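The values are calculated or read from the model by the stated rules, or taken from the named source; none is laboratory data. Computed from a predicted model, the values in this text were never measured in an experiment. Note: ideal-geometry Cβ built from the backbone for every residue, glycine included; neighbour counts use all protein chains shown. With ligands, DNA and RNA removed, areas are computed over all heavy atoms of the protein, side chains included. Shrake-Rupley method; radii C 1.70, N 1.55, O 1.52, S 1.80 Å.
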Amino acid sequence: MPIISITNADVFDGLCVKHVYVDGTGCTLMPGLIDAKVDVGASPGALSTFAAFGITTVIDSTSTNAESQAMHLAISENPTLPSYFATGSAIGPRGASFLGTFPFRAVQIATTPAEAKIVVAKNLTSTGAWLSGTPLADAYKLALDAGFDIVTAVPVDRALDAEVVRGFAQKSIGVVPTLSYLQKAVHMADNTDYDFAHAMAAVKQLHKAGVRICAGTSANEEDGMAVSFGQSLHEELQLLAEAGLSNIEVIRAATCVPSALFGLRDRGGIEPGCRADLLLVDGNPLENLAISNKIRRVWIAGVEIDIR
């Protein structure tokens, strides 16, 4: 295991910034970033792009099982690439409106609760599954009643019900807003009710209620709906700040919060037991979130990677 020696850098350990004697004058050492929702398909080349932007873990929730397996194979052959986790193909009813809004490459059809249970049970024995609702406000009530742990994205049709938001907070349900994707999608969708302002308002409402927010982008290469790999997470961080999160809450949304919500206990912080997924950036990200062009060095599992 390589030993990294860095001096004179502030360290953001997942919860706060503290100064330790490491080698990096004027810099901050922080955990590798987590993009909690990507849609990369079978694009192993995307992983090195994520790494160059300080993203050391990605979670894919719309690619097919076969595409996810291809990505896992690429990582097994090159352990210095970012960690890749996937839920497997989405599950939804035939003709659901979300199919035209999000870039799903495969959807397993379930039209009744009994069918949904069968599909979920089948996927739990393989790569898992993502049960999807619609991008509308009503889906949040369904998610609350069904006992979901994490919901994506925020609604773009109207405000969330206050009682539902309180229920999310009480049950510790996490939300991945994917604002950077929705900002583009609402302009492409053929629905006059969709407004990006609803998405921003939803994040503010959820955040004020104490709901845990994760940074995720729906980064993809679909024609007309493409969202850049890597850079889009830094755009997402800025949008979360505009929606009312403080800078430290924004950084947590891309580090310790998704690690806790997704059960990734070996990352998202800098402490004993964590992987050495690290990035060194100029300045202090808690003072200025614009760090995408200030990344000096990146390590994945303790190995420094080439980010040029």
Look through the stretch 211-220, keep the residues that are in a loop (DSSP other than H, G, I, E, B) and without any contact (Cβ under 8 Å) to a residue 60 or more places away in the chain, and return whichever of them is surrounded by the fewest Cβ atoms within 10 Å (Cβ to Cβ).
Arg212
Out of the stretch 125-163, which residues are aromatic (Phe, Trp, Tyr), at pLDDT 85 or above and either open to solvent by 50 Å² or more (accessible area, probe 1.4 Å) or under 18 Å from Ser63 (Cα atoms) (or both)?
Phe148
Out of (1) crowded, with 16+ Cβ neighbours inside 10 Å; (2) touching a residue at least 40 places away in the same chain (Cβ under 8 Å); (3) not charged (D, E, K, R), what's the single condition that is false for Ser172?
(1)
Which of the numbered conditions does Asn191 fail, given that it passes all the others? Conditions: (1) modelled with pLDDT of 90 or more; (2) part of a loop (DSSP other than H, G, I, E, B).
(1)
State which residue pairs qualify: first residue in contact (Cβ under 8 Å) with a residue 12 or more places away in the chain and open to solvent by 20 Å² or more (accessible area, probe 1.4 Å) and inside the stretch 258-283, second residue assigned to a strand (DSSP E or B) and acidic (Asp, Glu) in any location, beta carbons under 8 Å apart, and separation of 6 or more residues or different chains.
none
Can you say whether Gly88 is under 23 Å from Arg267 (Cβ atoms), at pLDDT 65 or above and crowded, with 17+ Cβ neighbours inside 10 Å, as far as the supplied structure shows?
yes
Going through (1) out of contact with any helix residue (DSSP H, G or I) (no Cβ under 8 Å at 6 or more places or on another chain); (2) over 21 Å from Ala46 (Cα atoms) one by one, Lys294 fails only at (2)
Being of a type outside the set (Ser, Thr, Tyr) and modelled with pLDDT under 95 narrows Asp306, Asp277 down to just Asp306
So Glu249 clears everything in (1) in contact (Cβ under 8 Å) with a residue 40 or more places away in the chain; (2) surrounded by fewer than 22 Cβ atoms within 10 Å (Cβ to Cβ); (3) in a loop (DSSP other than H, G, I, E, B); (4) of a type outside the set (Ser, Thr, Tyr) except one condition, right? Which one?
(3)
Failed condition for Lys37, given (1) basic (Lys, Arg); (2) under 26 Å from Asp282 (Cα atoms); (3) at pLDDT 85 or above, with all others met?
(2)
Looking only at the stretch 252-271, which residues are in contact with a Lys or Arg (Cβ under 6 Å, 6 or more places away or on another chain) and part of a loop (DSSP other than H, G, I, E, B)?
Asp266, Arg267
Kindly check whether there is at least one residue in the stretch 272-290 that is polar (S, T, N, Q), farther than 17 Å from Cys16 by Cα and part of a loop (DSSP other than H, G, I, E, B).
no
In the stretch 297-306, what residues are in contact with a helix residue (DSSP H, G or I) (Cβ under 8 Å, 6 or more places away or on another chain) and open to solvent by 40 Å² or more (accessible area, probe 1.4 Å)?
none
Flagged in the stretch 194-210 as in contact (Cβ under 8 Å) with a residue 12 or more places away in the chain, open to solvent by 10 Å² or more (accessible area, probe 1.4 Å) and either assigned to a helix (DSSP H, G or I) or of a type outside the set (Gly, Ala, Ser) (or both), in numbering order, are Tyr194, Asp195, Phe196, His198, Met200, Ala201, Lys204, Gln205, His207, Lys208, Ala209
Could you please let me know if Ala70 is modelled with pLDDT of 90 or more and open to solvent by 10 Å² or more (accessible area, probe 1.4 Å)?
yes
The lone exception for Thr25 - which of (1) open to solvent by 10 Å² or more (accessible area, probe 1.4 Å); (2) touching a Cys at 6+ places or on another chain (Cβ under 7 Å); (3) over 23 Å from Ala260 (Cβ atoms) it fails
(2)
Restricting to the stretch 222-241, and then to whatever is out of contact with any Asp or Glu (no Cβ under 9 Å at 6 or more places or on another chain) and among the charged types (D, E, K, R), can you tell me which residue is modelled with the lowest pLDDT?
Asp223
Tell me yes or no: at least one residue of the stretch 224-245 is hydrophobic (A, V, I, L, M, F, W, C), open to solvent by 30 Å² or more (accessible area, probe 1.4 Å) and under 26 Å from Asp306 (Cα atoms).
yes
